[in-house]
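Enquirer: One structure follows; several queries about it will come next.
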Amino acid sequence: MDMIQVTNLVKRFDDQEVLHGMDVTVKRGEVLAIIGPSGSGKSTFLRCLNLLELPTMGSIQIDNVILSFQEHKRIADREIRKLRGKTGMVFQSFHLFPHMTAKQNVMEGPIQVKGISTSRAVSLAEHLLIQVGLKDKQDAYPDQLSGGQQQRVAIARALAMEPEVLLLDEPTSALDPELVGEVLATIRQLAKGNQTMLIVTHELSFAREVADRILFIDQGQIVEQGRPQDIFEYPQKDRTKQFLERFNQL
Amino acid sequence: MNWNAIQWNNLFDFQLAQDSAWFVLQGLKYTILITIITMVIGLLLGLIVALMRMSSSKILRYPARAYISIIRGTPLLVQLFILYFGLPVIGLNLTPFLAAVIGLSLNVGGYSAETFRGALLAIPKGQWEAAYSINMSYSKALRRIVMPQALRVALPSLANTLLSLVKDTSLLSMITVPEMLYQAKIIGGREFDYLTMYILVAIFYWIVCTILAWVQDRLEDRYGKFTK
């Protein structure tokens, strides 16, 4: 069974349809980079996967949980949380909890949601903060950290829930250019570690380097997908060529 | 104005103030007790009403709006009169103390509901989303993530509510709760010198409120920013 199978996913806001029936499959351990112009629906697609946005129609299967959606059909919170529990999310603007230290941010989910003991949560958090290179900042509050450091704590916070799938929504877009590298390095390391990931990004060279597959979305539809070198060197569709033109000139 | 003609003793009789201070202070225990009880009940009520007011369900939202509207739109003194003098008509006899606690709690609830609502709305939506992304339930996200931040936002307004409450306890003299103003009026009537007693009561209130404002400053220093 594939890790993720999305079938005919439709998302409407009021009367505006932003996703027009997307079908996406992701294998276990695969790294999928989702690229496309602003407003193409790529972030909405990602947010539908952990149900921060509720899809209007279609179905989502992640690991062994399947949910299907119809208009006006209410989904129970219990069902939402079952699916959401398979995912972890990294946001564009971090959204760390400002009243907690870095370590407390990472421990919060395991203790409050999974109910593991404080001592186990502490060692888990310390382990993860070492992994993202921030052990020495464990007692700092978010406003004492740089953007890059905050984002790495946010990655550790997401990983602490041991998600089957890690969703990253433009994880470097809010960062100063000199801070992008440290976050990309952390993500690169995760990709090597067999973590299934979906990354919405504008960092095309990074997408090309780290992803197993590229998904190009425009106007709420998948235009083209394939291996990075195929997409970047031999794009088939005009829209893809046009989008990649500026990048390829660099 | 002829300053020499003013009889200062008629304005404030130090001897009388000194002699009656202890008697007036007997009322302070009611002020403090009622303030503490009503603040606790009122804040709980305010939080619940704020959440109802923000709910997507009309059955929860409309009663909350009506309640806030009534409390904020009618004078506290009238509310107290209705509770104390009006309820006996339908067979409910409240003691002055009970009427006071109910009336003031409802009042604090109405005002603090709006404070809580404003503070909860001031917390960025991303905080809810981050809490949900680590799979918290609504109530856990509220309790662990949003509320601790909202309380910091609400603290200055809630401190104002507390100071108002302390001073509003003086209205309870009108429904025969023997708090400070009530005690002062007894002596004022006996000695034919209300003004000295009113000024004495004003000084006592000012001292209590100044202490509370000092506590508020300490709390804001401590919880105002998200660092050690």
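Enquirer: Is it true that A:Arg157 is basic (Lys, Arg) and in contact (Cβ under 8 Å) with a residue 24 or more places away in the chain?
Expert: On the way: basic (Lys, Arg): yes; in contact (Cβ under 8 Å) with a residue 24 or more places away in the chain: yes.
Against the criterion (basic (Lys, Arg) and in contact (Cβ under 8 Å) with a residue 24 or more places away in the chain), A:Arg157 qualifies.
Enquirer: Output yes when any residue across the range B:106-122 is within 14 Å of another protein chain (Cβ to nearest Cβ) and under 30 Å from A:Ala158 (Cα atoms), and no when none is.
Expert: So the first thing to find is which residues in the range B:106-122 are within 14 Å of another protein chain (Cβ to nearest Cβ), and the list is B:119, B:122.
Still in the list and also under 30 Å from A:Ala158 (Cα atoms): B:119, B:122.
Taking every residue of the range B:106-122 in turn, at least one turns out to be within 14 Å of another protein chain (Cβ to nearest Cβ) and under 30 Å from A:Ala158 (Cα atoms).
Enquirer: Can you confirm whether B:Ala99 is within 14 Å of chain A (Cβ to nearest Cβ) and either surrounded by 22 or more Cβ atoms within 10 Å (Cβ to Cβ) or of a type outside the set (Asp, Glu) (or both)?
Expert: On the way: within 14 Å of chain A (Cβ to nearest Cβ): no; either surrounded by 22 or more Cβ atoms within 10 Å (Cβ to Cβ) or of a type outside the set (Asp, Glu) (or both): yes.
The answer is no for B:Ala99.
Enquirer: Separate question: Quick check on the range A:82-104: of everything there that is out of contact with any strand residue (DSSP E or B) (no Cβ under 8 Å at 6 or more places or on another chain) and among the aromatic types (Phe, Trp, Tyr), which residue is nearest to the other protein chains (Cβ to nearest Cβ)?
Expert: Taking the candidates together, the pick is A:Phe97.
Rule-based calculations on the coordinates, nothing more; no lab input. These numbers were taken from a predicted model, which means no experiment stands behind them. Counting neighbours? That spans all protein chains shown, and the Cβs are built from the backbone with ideal geometry, glycine included.
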